[in-house]
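Single-structure report; data block below.
Throughout, read-outs are computed from the coordinates displayed, never taken from laboratory work. All values reported here derive from a predicted model rather than from experimental measurement. Neighbour counts run over all protein chains shown; Cβ positions are idealised from the backbone, glycine included.
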Amino acid sequence: MRISVIGCGYLGAVHAACMAKLGHEVVGIDVDERKISALSAARAPFFEPGLDELLSDVQGTGRLSFTTDMSKTAGSIVHFICVGTPQKKGENGADLRHVDAAMEALLPHIRPGDLVVGKSTVPVGTASRLADLLSEYQPSAHLVWNPEFLREGHAVKDTLSPDRLVYGVEEGSEDHPAVTILDEVYSGPLADGTPRLVTDHPTAELVKAAANSFLATKISFINAMAEVCEAAGADVTSLADAIGMDDRIGRKFLNAGIGFGGGCLPKDIRAFMARAGELGADQALTFLREVDSINMRRRTRVVELTRELCGGSLLGHRVTVLGAAFKPESDDVRDSPALSIAAQLQLQGAVVTVTDPKALENAAKRFPELQYESDLDTAIAGADTLLLLTEWQQYKELDPFEVSSGVAGLRILDGRNVLDAAKWRAAGWQYRGLGRP
Ligand code: UDX
């Protein structure tokens with residue numbers, strides 16, 4: 001099938017490559033020429049494990065191309081909208097400018113019977129509004145809302161083997177012609193054994209908002225427990241293990257630490273609250289305000305703990321921050337708690353060096369005032385305090401005995417609770433975890 005994918009960021013680039021992998025003929029479109037030229041050369045414009053290999057693999061087949069020219073959507077039967085929906089500047093709501101611009105640019109190229117598939121995370125009500133717009137231009141075309149649940153760092157696998165497929169169609173009917181077309185797009189290994197749920201537009205949009213809110217709540221719940229554990233001298237990691245053994249709770253997403261960041265969870269819960277407010281349902285989501293503030297409090301707590309660890313003042317302390325990305329296996333620094341903590345430490349007088357295996361270029365663009373060092377040994381040498389803030393494998397594997405020779409103060413704050421505390425203490429380190437005695 002001929003498919004177009006509009007928007008070639010994290011979501012769209014991965015989606016386009018995966019659709020070509022399924023055997024479709026795919027054109028990826030973006031207004032950003034830099035992204036298009038990188039993708040055309042089979043290079044992802046960001047770090048995502050397995051994506052470069054997948055791009056080379058499918059581009060060799062001639063089934064995948066990239067362009068800035070929207071008219072190249074002509075001939076596609078299915079058009080995926082994969083553009084970003086960032087947080088509005090100075091407000092909590094989602095900025096839908098890219099979605100609206102993509103739709104406006106696409107409309108003149110839509111032909112009878114085409115399918116427009118929205119994948120971006122949008123405030124509930126957007127799909128119905130876009131469906132009305134579409135039917136004004138082309139009454140026989142359809143719009144489906146098909147939210148994407150991929151995680152950065154696992155995006156290729158999550159796209160090719162999703163947990164579930166959600167189709168939001170007009171009136172939520174299984175018999176809708178759009179369902180047959182989308183089933184054909186996903187047919188094969190992707191869909192085999194994957195549960196599929198057909199629902200209406202607003203429910204499909206809300207599934208995504210609800211899923212991300214639940215995940216954020218789970219993380220803030222365990223971080224709230226970490227605050228209580230700290231006050232009570234208890235260990236949040238054992239607590240998480242124990243409550244996670246209950247199937248109804250589950251151990252995943254119960255890792256206490258410096259809190260969630262990235263381009264999705266923080267802005268999605270805020271946009272959800274803002275939209276609920278517009279709908280007059282704001283009271284239902286006031287708990288998300290608390291989820292957000294528990295999350296932001298983690299950052300302040302890490303700064304406080306580092307100050308304590310440094311004997312009450314950060315002034316002049318040489319602090320090396322291990323990790324800049326919001327999570328490992330990603331170079332994404334959007335709303336990265338690690339960088340926000342690094343910047344606060346520097347403001348309070350510490351001499352901060354940040355290291356990360358992939359994210360330093362992006363980090364330097366957002367926080368040019370910080371010092372960066374790509375070589376781990378150099379970054380560590382001369383530090384008196386280490387902060388592990390992104391749990392990259394190489395940081396988890398650090399040997400406290402080897403590292404000891406480079407670090408003057410032998411102080412480490414494990415912001416992700418991933419190190420063996422006893423081992424680090426045995427090597428002479430003052431070890432602090434979060435929510436641990
Ligand atoms: C998230 C959702 O998981 C995904 O389904 C959705 O499509 C997009 O948003 P992503 O932002 O890629 O994906 O990362 P995720 O793995 O969910 O992690 C989000 C943040 O939570 C990271 O900063 C991570 O470090 C943090 N986190 C995660 C915790 O602090 N503790 C946990 O137990 C899990």
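Given the options Y137, Y167, H24, identify the residue whose Cα lies farthest towards the positive end of the charge dipole of region 2-199 (+1 on Cβ of Lys, Arg; -1 on Cβ of Asp, Glu). Final value for the positive-end residue is H24. Applying the criteria of a DSSP loop state and at most 14 other Cβ atoms within 10 Å to the GluC sites (Glu not before Pro) of region 172-223 yields E174. Of the GluC sites (Glu not before Pro) found in region 349-437, the ones in coil according to DSSP and having at most 14 other Cβ atoms within 10 Å of their Cβ are E369, E397.
Treating each Cα of region 350-437 as one equal point scatterer and applying the Debye formula with no solvent, the log10 of I(q)/I(0) at q = 0.14 Å⁻¹ comes out as -0.48. In region 2-199, the ratio of gyration radius to Kirkwood radius, Rg to Rh, stands at 0.93 when only Cα atoms are counted.
Note on the chain: GNM, Cα springs under 10 Å; of T194, T73, T320, the largest mean-square fluctuation is that of T194.
Short to long, the 10 Å bins of the Cα pair-distance histogram for region 87-164 hold 17, 40, 32, 11, 0 percent of all pairs. In region 131-175, Rg over Rh equals 1.13, where Rg is the alpha-carbon radius of gyration and Rh the Kirkwood radius from pairwise Cα distances. One equal scatterer on each Cα of region 235-437, no solvent, Debye formula: the resulting log10 I(q)/I(0) at q = 0.19 Å⁻¹ is -1.38.
Based on the Kirkwood radius over alpha-carbon pairs, what is the Stokes-Einstein translational diffusion coefficient of the chain at 20 °C with 1.002 mPa s viscosity, in µm²/s?
Estimated diffusion coefficient is 92 µm²/s.
When the Cα positions of P368, C8, L254 are compared along the charge dipole of the chain, P368 comes out farthest toward the positive end, with charges on each C-beta of Lys, Arg, Asp and Glu.
Using C-alpha pairs below 8 Å separated by at least 6 residues, the relative contact order for region 365-437 is 29 percent.
In angstrom, the C-alpha Rg and Dmax of region 173-331 are 20.4, 68.
Shown in residue order for region 212-223 are the 3J(HN,Hα) couplings computed by the Karplus curve 6.51 cos²θ - 1.76 cosθ + 1.60 at θ = phi - 60°: 5, 5, 5, 4, 5, 5, 4, 5, 5, 4, 6, 6 Hz (x for Gly and Pro). Here the contact order of the chain, divided by its residue count and restricted to Cα pairs under 8 Å and six or more residues apart, works out to 12 percent.
Using bins of 10 Å that start at zero, the share of Cα-Cα pairs per bin across region 15-111 amounts to 15, 42, 32, 10, 1, in whole %. Summarising the amide proton neighbourhood of G168: residues at separation of 5 or more, or on other chains, whose placed amide H is nearer than 5 Å comprise W145, N146, T199.
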